[in-house]
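Taking it in order: structure first as structure tokens, then the write-up.
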Amino acid sequence: MYPVDRSGTRLALRELSTEDVNAVPAVYGSPEATEHLSFEPRGREEVGRIVACSIAAAAETPRGEYALAVVERESAELVGFGRPALDPHQQGGATLGFALRPRSWGAGYGVEMVRLLFGFGFGFGFGFGFGFDDLRPHRIWGARSPRNEASTRTMAAVGMVEEGVIREHVLKGGVWRDSVVHAILDREGHAATQGRTAGD
């Protein structure tokens, strides 16, 4: 599916563009934003390479990974990133990654962003009714730093279940760090959609 251009209440998903090189460092270059991610803050040159690679990968067929910009609908500013992707190591599996710039924290954007990504990337998502239908995974999972409480709340709010710990999963700053796994099954996604619609 290309190009991606989908909207929620306050946020939208779109493809990355070369102009985003100026906005990406607010996330990938921020020590605060990358504290719980698997990599150290990245400089502008490295950010430029990442954006260029993501733009090139978007045109691949079949497309198994989506590096997407998350923008505010009102201002059109890039506030974060989402990355739904097929998991080549798990039958019927897919992974989900996401991050927001620090000055957009605390506004409830995380939950809306993940719901948008579910609706786009996995077809069963939260009343948005669209998606790249060729994926349709059975299980979607993501991993977080044990100290990332904001991510814990976000994933719980969208119906992802905490499943356990991958011990010493990430090497960062010369220290091995555990990762906590959260996941949602396709039937749970459908149930969350129906429950949310009924509650609205």
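Could you check GLU32 against (1) open to solvent by 40 Å² or more (accessible area, probe 1.4 Å); (2) farther than 21 Å from ALA150 by Cα; (3) in contact with a helix residue (DSSP H, G or I) (Cβ under 7 Å, 6 or more places away or on another chain); (4) not small (Gly, Ala, Ser) and say which number it fails?
Checking GLU32 against (1) open to solvent by 40 Å² or more (accessible area, probe 1.4 Å); (2) farther than 21 Å from ALA150 by Cα; (3) in contact with a helix residue (DSSP H, G or I) (Cβ under 7 Å, 6 or more places away or on another chain); (4) not small (Gly, Ala, Ser), the one that fails is (2).
Scanning for something modelled with pLDDT of 90 or more, among the small types (Gly, Ala, Ser) and under 15 Å from ARG115 (Cβ atoms), does the stretch 183-198 turn up at least one residue?
no
Out of all the residues in the stretch 153-172, which are assigned to a strand (DSSP E or B) and either open to solvent by less than 30 Å² (accessible area, probe 1.4 Å) or within 14 Å of GLY142 (Cα to Cα) (or both)? Step through it out loud before you land on a result.
Keep residues of the stretch 153-172 that are assigned to a strand (DSSP E or B), which gives 161-172.
Correct list: VAL161, GLU162, GLU163, GLY164, VAL165, ILE166, HIS169, VAL170.
The values are calculated or read from the model by the stated rules, or taken from the named source; none is laboratory data. Predicted model only: the values in this text are computed from it and were never measured. Neighbour counts are summed over all protein chains in view; Cβ atoms, including those assigned to glycine, are modelled from backbone coordinates with ideal geometry. What goes into the accessible areas is simple: the full protein's heavy atoms, side chains included, and nothing from ligands, DNA or RNA. Shrake-Rupley method; radii C 1.70, N 1.55, O 1.52, S 1.80 Å.
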